[in-house]
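**Student:** Take a look at the following structure, please.
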Amino acid sequence: MQDRHIIALDLDGTVLRHGFDGAGDHAAGGIIDPDLAEAIRTLHESGHEVIVSTGRSVDATLPIVERLGIRPEWVVTANGAVTLKRDPFGTRGYRREYVEAFNPADALQKIRPQLATAHFSVELADGSFLYTKEIPSGTLPSNQRKATFEELLGVQAARVIVFSPDYRVEEFLTAIESLGLTHVSYAVGTSSWLDIAPDGVTKASALEVLRERLGISPARVFAAGDGRNDIEMLEWAGRLGVSVAMGQAVPEVKAAATKVTATAEDGGLLLALRERFPELLAS
């Protein structure tokens, strides 16, 4: 395909919206609007490289990819620390192609005195999780084991999660920014949730590796997201291509994008995709 694009899509708050299914029950994992799913399938089947790019674990990402009805060549998970490649012999049709791991001990030991009541979890390179207290989120895998804080030190981690429900987001941000964390990348979510990755590892770093491997021009990149962990991806895509922040995003996320669309609840991603690819996605 001569005009092939990378179309990098965050999941929660971008592809997925919160809400209730047709039976009136809360939709586990989020809702995908049928028209949006059809548009994503159309882009994928037309030859564009649709790449899901999420902070979710592998186990929590692949079921969403399956719900979209696509089989992309690449999937970026754990905020860029784990990149999957399609493989018919792999788990659910994928294998871990790139895994960035680090020793989280220094970061954890700095954070714990500031956030003593926090819930700590470590995603290991093989996709399993160790946790000190359960983290209430559908984005984590079922392969979890409770551990002591000391057991989290010295492992090789693809990602560290710190969840602190006792803090407001503003207090949480202040506490994290005062720690002077080095040799790691971190992003604070819309709740008091901190994702820590190896230094320099973000959704953008993983996507740039794939862009170069695929030989796609930076001008033919489209990315959409809504969270602080999407900022680097939006800046990366927007340098020469197009990056879209969802309407419900906080101001610093909107500032990182070249465009702002409607909220996820109002179909913002579908509107943005139709605007960028009108020849394929008639409204």
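The values are calculated or read from the model by the stated rules, or taken from the named source; none is laboratory data. Every value quoted in this text rests on a predicted model; they were computed, and no experiment measured them. A quick note on method: Cβ atoms are made from the backbone with ideal geometry, for glycine too, and the neighbour counts reach across all protein chains shown.
**Student:** Only one of these conditions is not met by residue 34: (1) over 22 Å from residue 95 (Cα atoms); (2) without any contact (Cβ under 8 Å) to a residue 60 or more places away in the chain; (3) surrounded by 14 or more Cβ atoms within 10 Å (Cβ to Cβ). Which number is it?
**Tutor:** Every condition holds for residue 34 apart from (3).
**Student:** Yes or no: residue 196 among the hydrophobic types (A, V, I, L, M, F, W, C) and either farther than 30 Å from residue 174 by Cα or part of a helix (DSSP H, G or I) (or both)?
**Tutor:** no
**Student:** Would you confirm whether or not the range 160-175 contains a residue that is part of a strand (DSSP E or B), modelled with pLDDT under 95 and under 15 Å from the mean Cα position of the chain (by Cα)?
**Tutor:** yes
**Student:** Follow-up. Quick check on the range 205-230: of everything there that is buried (at least 24 other Cβ atoms within 10 Å of the Cβ) and among the aliphatic types (A, V, I, L, M), which residue is farthest from residue 259 (Cα to Cα)?
**Tutor:** Taking the candidates together, the pick is 206.
Residues are listed down the side, and each one gets a yes or a no for (1) in contact with a Ser or Thr (Cβ under 8 Å, 6 or more places away or on another chain); (2) in a loop (DSSP other than H, G, I, E, B):
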site	(1), (2)
83	yes, no
87	no, no
90	no, no
98	yes, no
112	no, no
126	no, yes
135	yes, yes
145	yes, no
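Residue-by-condition table, conditions (1) modelled with pLDDT under 90; (2) surrounded by fewer than 16 Cβ atoms within 10 Å (Cβ to Cβ); (3) assigned by TED's automatic domain parsing to the domain that holds residue 63:
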residue	(1), (2), (3)
116	yes, yes, no
120	no, no, no
126	yes, yes, no
129	yes, no, no
132	no, no, no
136	yes, yes, no
139	yes, no, no
145	yes, yes, no
149	no, yes, no
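**Student:** Next up: Quick one: is residue 267 surrounded by 16 or more Cβ atoms within 10 Å (Cβ to Cβ) and more than 21 Å from residue 82 (Cα to Cα)?
**Tutor:** When the stated conditions are applied, residue 267 passes them.
**Student:** Please tell me if residue 206 is under 13 Å from the mean Cα position of the chain (by Cα) and either in a helix (DSSP H, G or I) or basic (Lys, Arg) (or both).
**Tutor:** Yes.
**Student:** Does the range 210-231 contain at least one residue that is farther than 25 Å from residue 123 by Cα, among the polar types (S, T, N, Q) and at pLDDT below 95?
**Tutor:** no
**Student:** Can you tell me which condition residue 107 does not meet? The list is (1) more than 24 Å from residue 14 (Cα to Cα); (2) part of a strand (DSSP E or B), and all the others hold.
**Tutor:** All conditions are met except number (2).
**Student:** Collect the residues in the range 241-261 that are in contact (Cβ under 8 Å) with a residue 24 or more places away in the chain, touching a Leu at 6+ places or on another chain (Cβ under 9 Å) and outside any loop (DSSP other than H, G, I, E, B), keeping them in residue-number order.
**Tutor:** Hits for the range 241-261 are 244, 253, 256.
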